[in-house]
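In what follows, a single structure is set out as structure tokens and then discussed.
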Amino acid sequence: MPFDSNRLAVLKESVPSEVRLRLSYHLDECWFVEFSPDGKWMASTGLDQAVIIWQDVLTLEPTVWKTLRYPRSITHAHWSPDSKLLLVNLGVDPTQPAYHPEISVIDVATGDIILTRKHHDGIRNIHMSAVGWMDDSKHFVSAPSTGQMFIWNLKGEIIKELEIYSEEEEVESNMIVQAMVMARGFNSAIVCDNDNKIRIIDIETGKCQFLDRMVAVPSAMTLSPNGQYLAIAIRGWEEVCRVPQILVYNFKTLTFLRALEADTYLNATFVIRPSYCGSQCEILASGSENGIVHFWDLETGELIMIREEHSKHCGWTDVHPHLPGLMASCSDDNHIVLWTTKDLSGELQDEDEKWMESSRKKSIGQLPLNLKKGW
């Protein structure tokens, strides 16, 4: 598609390129950050073995609602569709070999861990993203490295066990899930198996629909909120001159669209999870192992801009579900950065001023009783 400077100029206005806040609460590398589906909360996890639930995320001073400590690093967390629960994946931790992989569920309102479970028949590693919620928020899914998928209820009971297979194979064989993303609204999961094949699994039946085969295990996969696009991040490999790419598919037609690349985009080792910006999910945002955040035009594949705000690997970005001009990114530099578009920054200004005035009044009301006016 020919270069369109006018389109590029318009898209730049939809890129959350301005830094609104930098949050520095994590004590070590921050690996995951995600807004709740209702937009009221934000969760983050990392190497400091903490799950942090944030509130007041639209104010100038988001506060920590709850901090939950675990005896190991936390690879991933997943919000329930109703935003009331948080599913935490405690995978294999090389620094804590005595701990078996397990999953737990957090009640967001109370901050309590209401459920913790291991798989019942031994040690099974669960890929960091191979957990997720079903649409009813009452059941969740885990896909350990055994070629099976388990459906759990909130009592911690396995109510269904699926042997994942593909009918187009001459010989049915179990598939090991290496990466997964839930397709909300479809009760399906998009997975990459041990043959690097991307398939769509109907969780009700366990049947698979083949999409494509990758040259390597994806770093991460993400589905756009409108169900239009599927983005698959593929690591590069310098020895065979393979550059890192993000492959974009039309999920509704199951067709390949294009590959996104940039000289500054690095992904050789770690997880890089992209996200979608813009009112129509027309922009793809992604971090990089050098900390640079990239923004591409999904229609043309053109790189719109980059932003250098993180000093180390930036592995996760997420866009607010109701404000597509607000984005969060996290990094191994321990920080979470909240980004906004220029337009949204202006729209939030009035609310920011009201919040500042309210905070000022609260602080005055909390002055010591013996402090006289004017002193």
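What follows draws every value from the coordinates through simple rules; no lab data is involved. Fair warning: this is a prediction, and the values are worked out from it, not measured in the lab. When we count neighbours, we look across all protein chains shown, and the Cβ atoms used for this are built from the backbone with ideal geometry, even at glycine.
Taking into account only those residues within region 1-34 that are exposed (fewer than 15 other Cβ atoms within 10 Å of the Cβ) and among the polar types (S, T, N, Q), which is farthest from G278 (Cα to Cα)?
Among those that are exposed (fewer than 15 other Cβ atoms within 10 Å of the Cβ) and among the polar types (S, T, N, Q), it is S24.
Exactly one of (1) within 23 Å of S359 (Cα to Cα); (2) surrounded by fewer than 23 Cβ atoms within 10 Å (Cβ to Cβ); (3) under 17 Å from the mean Cα position of the chain (by Cα) is unmet by P81. Its number?
For P81, the exception is condition (1).
Among the residues of region 35-61 satisfying the criterion of being of a type in the set (A, V, I, L, M) and not in a strand (DSSP E or B), which is surrounded by the fewest Cβ atoms within 10 Å (Cβ to Cβ)?
Taking region 35-61 and keeping what is of a type in the set (A, V, I, L, M), we get 42-43, 47, 50-53, 57-58, 60.
Next cut, not in a strand (DSSP E or B) only: 47, 57-58, 60.
Values: L47: 17, V57: 20, L58: 17, L60: 15.
The qualifying residue surrounded by the fewest Cβ atoms within 10 Å (Cβ to Cβ) is L60.
Identify, by number, the condition in (1) in contact with an Asp or Glu (Cβ under 7 Å, 6 or more places away or on another chain); (2) more than 28 Å from D4 (Cα to Cα); (3) of a type outside the set (S, T, Y) that G315 doesn't meet.
It fails just one condition, (1).
Could you list, in sequence order, all residues of region 303-327 that are among the hydrophobic types (A, V, I, L, M, F, W, C) and part of a strand (DSSP E or B)?
L303, I304, M305, I306, W316, V319, L326, M327, listed by residue number.
Can you go through T264, T253, T300 and tell me which one is under 20 Å from A9 (Cα atoms), assigned to a loop (DSSP other than H, G, I, E, B) and more than 19 Å from the chain's Cα centre (by Cα)?
Working: T264 fails: under 20 Å from A9 (Cα atoms); T253 fails: under 20 Å from A9 (Cα atoms).
Among T264, T253, T300, only T300 is under 20 Å from A9 (Cα atoms), assigned to a loop (DSSP other than H, G, I, E, B) and more than 19 Å from the chain's Cα centre (by Cα).
Consider only pairs whose beta carbons are under 6 Å apart and that are at least six residues apart or on different chains; among these, list those whose first residue lies in region 64-78 and is touching a residue at least 40 places away in the same chain (Cβ under 8 Å) and buried (at least 18 other Cβ atoms within 10 Å of the Cβ) and whose second residue is of a type in the set (G, A, S) and assigned to a loop (DSSP other than H, G, I, E, B).
Within 6 Å, the pairs are K66/G111; T75/G91.
Condition first: closer than 16 Å to T269 by Cα and assigned to a strand (DSSP E or B). Now tell me which residues in region 282-297 satisfy that. Outline the logic, then answer.
Residues of region 282-297 that are closer than 16 Å to T269 by Cα, as a first pass: 286-292.
Hits for region 282-297 are S286, I292.
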